[in-house]
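Here the structure is laid out as structure tokens; the discussion comes afterwards.
The values are calculated or read from the model by the stated rules, or taken from the named source; none is laboratory data. All figures in this text were calculated on a predicted structure; none of them were measured in a lab. Using ideal geometry, Cβ is built from the backbone for each residue, glycine included, and neighbour counts are taken over all protein chains shown.
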Amino acid sequence: MRNDPAVKLIDSKGLRVDGRRLDELRPIKMEVGILDKANGSAYIEHGKNKILAAVYGPREAHPKHIALADRAVVRCRYHMAPFSVDERKSPAPSRRELELSKVIRESLEPAIMSEYFPRATIDIFIEVLQADAGTRCAGITAASLALADAGIPMRELVAACAAGKIEGKVILDLSDIEDKKGEADLPVALLPKSNVISLIQMDGSLSDEEFRQALDLSTDACRKIYEMQREALKLKYHIVRDGTEDKEEMAEVKA
Ligand code: CDP
């Protein structure tokens with residue numbers, strides 16, 4: 001992270017590089033149940049991020065020695081496609097992808113009723129097709145929908161969004177340039193009904209006051225995203241009920 005004075009991230013009208021206000025989300029689109037082979041799936045566009053999530057399970061644990069007697073083992077793989085970023089990314093798992101796989105799994109686990117499925121596994125795959133900052137958050141939002149689509153009992157959905165700081169101002173939902181040139185990034189995942197934060201990380205530095213502001217911005221955004229998730233799920237089940245084959249519009253809500 002660095003504050004590069006050569007790059008102006010906020011203009012004289014207080015608008016950001018992509019024209020957003022400081023507290024404005026990027027446009028978000030979600031669709032549930034788009035893959036036939038997985039038990040559950042979802043696709044999200046969050047700004048320029050394009051991310052697929054697929055879920056398999058609950059299914060018998062394999063290899064058997066990983067099984068737990070009292071609950072399912074939840075596994076998660078976050079992966080970026082080689083063409084998802086400006087510089088070709090090696091398809092081999094990087095340290096960053098291993099870390100993100102772990103924190104995404106931990107952010108979803110409190111919502112999954114894994115105790116119903118002892119000796120089973122639930123596998124979550126997140127494929128980033130195009131990245132523009134905030135992929136862990138958009139990945140969590142999509143994976144939560146894919147889990148619900150797989151029929152896995154959940155206490156509630158998990159929604160995620162980052163806040164941060166650029167040019168001394170606290171902002172919501174950083175884009176790639178803001179992430180790279182800005183001063184701080186605070187990804188947050190929220191279980192909105194119980195008000196439990198299941199992910200909070202920080203890159204850069206914020207004062208106590210800025211931290212509080214950023215947390216308020218990101219949790220408010222998570223609540224908006226949660227409403228979009230509910231709409232996306234409703235749309236899927238509306239299509240199933242009607243038996244309609246037509247592809248309806250993706251559940252799209254712009255903040
Ligand atoms: O994506 P997220 O903000 O959750 O994670 P990050 O590690 O803070 O990465 C921020 C952004 O950097 C990614 O979303 C990509 O746009 C970009 N990135 C990249 O260009 N090349 C990589 N190998 C990794 C990340």
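Before moving on, here are some points about what is shown:
- Subset tally (residues that are more than 11 Å from the ligand (Cβ to nearest atom), in a loop (DSSP other than H, G, I, E, B) and more than 9 Å from the chain's Cα centre (by Cα)) for segment 136-189: 10
- The set of residues in segment 104-120 that are within 16 Å of the ligand (Cβ to nearest atom) and either on the phi > 0 side of the Ramachandran plot or hydroxyl-bearing (S, T, Y) (or both) contains only S107.
- Close pairs (7 angstrom Cβ cut-off, 6 or more residues apart or separate chains): closer than 21 Å to E99 by Cβ in segment 189-211, assigned to a loop (DSSP other than H, G, I, E, B) and modelled with pLDDT under 95 anywhere: D203/M1; G204/M1
- Taken over segment 58-103, the criterion of being within 14 Å of the ligand (Cβ to nearest atom), surrounded by 13 or more Cβ atoms within 10 Å (Cβ to Cβ), closer than 23 Å to L147 by Cβ and without any contact (Cβ under 8 Å) to a residue 60 or more places away in the chain is satisfied by H79, M80, A81, S84, P93, E97, E99, L100, S101.
- Check on L35, surrounded by fewer than 20 Cβ atoms within 10 Å (Cβ to Cβ), in contact with a strand residue (DSSP E or B) (Cβ under 7 Å, 6 or more places away or on another chain) and assigned to a loop (DSSP other than H, G, I, E, B): yes
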